[in-house]
Amino acid sequence: MTLSIRQIGPCFAGEVSGIDLAKPLSFEDAAAIHEGMDEHAVLVFHGQDLSDEQQLAFSRKLGDLEEAVGTSLRGKDEYRLPTTFADV
């Protein structure tokens, strides 16, 4: 598959196709996604059924992750997700 990004809408947003985010992300695909984010601001990936671990692996390929602390009304022991996800 070859990754491609096409503009959707008149102002911003791009639709990404030709990639399976459940598989390890290549350097080239990560670079193309970064370029797409720079150009379109928002990218849409249809039909991606990712586990939490796969979502984290994909996200880590795009840069350092921030911990989502102090962003919820939940107590520390009430989080249903690790702090690498925003639990809203």
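For this structure, a couple of remarks:
- Filter result (part of a strand (DSSP E or B) and surrounded by 13 or more Cβ atoms within 10 Å (Cβ to Cβ)) within segment 6-25: 7, 14, 15, 16, 17
- Filtered residues of segment 1-45 (kept if within 18 Å of residue 59 (Cβ to Cβ) and aromatic (Phe, Trp, Tyr)): 27, 45
- Qualifying residue in segment 26-49 (condition: assigned to a loop (DSSP other than H, G, I, E, B), modelled with pLDDT under 95 and surrounded by 15 or more Cβ atoms within 10 Å (Cβ to Cβ)): no
The values are calculated or read from the model by the stated rules, or taken from the named source; none is laboratory data. All values derive from a computational prediction rather than experimental measurement. Positions of Cβ are generated from backbone atoms using ideal geometry, with glycine treated the same way; all protein chains shown enter the neighbour counts.
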